[in-house]
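Okay, structure first, notes after.
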Amino acid sequence: PAPKAGTGTQVASIAPAPPSFSAAYLKNAAPSYPLAARRAGEQGTVTLRVRVTREGLPERVRVEKTSGSPRLDTAALDAVRSWRFVPARRGVTPIESWVLVPVVFRLEGPS
């Protein structure tokens with residue numbers, strides 16, 4: 001007899017776990033606050049879109065949303081390009097993936 005439709009083996013799809021940049025052991029350095037931006041009182045949040053490799057390296061980094069200050073945006077780009085990430089995973093297998101990284105520049109106290 002012929003097999004009935006729909007009785008084949010099904011493979012469960014596993015949703016990938018996203019990459020991470022906040023793991024304590026990664027020790028990613030905060031970006032330097034540009035002196036000119038500090039003196040000008042510039043503050044804001046830069047959101048960067050980062051392509052993370054299977055090895056946890058930032059392959060591509062671009063500004064997704066500007067802080068409104070080119071100096072702050074550049075400082076964030078420069079810093080995150082040297083960061084290390086925990087790569088995204090599908091099950092136990094590392095995979096390439098995109099992640100959004102917010103970088104906050106906030107002046108605190110007298111300059």
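The values are calculated or read from the model by the stated rules, or taken from the named source; none is laboratory data. All values reported here derive from a predicted model rather than from experimental measurement. Positions of Cβ are backbone-derived with ideal geometry, glycine not excepted, and every protein chain shown enters the neighbour counts. The accessibility values were calculated without ligands, DNA or RNA, using every heavy atom of the protein model including side chains. Shrake-Rupley method; radii C 1.70, N 1.55, O 1.52, S 1.80 Å.
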| request: Sort through Thr93, Thr74 and tell me the only one that's closer than 15 Å to Ala30 by Cα and over 12 Å from the mean Cα position of the chain (by Cα). | output: Thr74
| field | Output for region 84-93, where each listed residue is buried (at least 19 other Cβ atoms within 10 Å of the Cβ) and out of contact with any Phe, Trp or Tyr (no Cβ under 6 Å at 6 or more places or on another chain) | value | Pro87, Ala88
| query | Among the residues of region 50-64, is there at least one that is closer than 30 Å to Pro16 by Cα, open to solvent by 40 Å² or more (accessible area, probe 1.4 Å) and in contact with a Phe, Trp or Tyr (Cβ under 6 Å, 6 or more places away or on another chain)? | reply | yes
| request: Could you give me the residue pairs with C-beta distances under 8 Å whose first residue belongs to region 77-91 and is in contact (Cβ under 8 Å) with a residue 24 or more places away in the chain, whose second residue is surrounded by fewer than 20 Cβ atoms within 10 Å (Cβ to Cβ) and among the acidic types (Asp, Glu) wherever it lies, and which are 6+ apart or on separate chains? | output: Pro87/Glu55; Pro87/Glu96; Ala88/Glu96
| query | Any residue at all in region 37-49 that is among the charged types (D, E, K, R) and farther than 23 Å from Glu108 by Cα? | reply | yes
| request: Considering only residues that are farther than 12 Å from Leu72 by Cβ and open to solvent by less than 60 Å² (accessible area, probe 1.4 Å), look in region 22-44 and name the one that is modelled with the lowest pLDDT. | output: Ala23
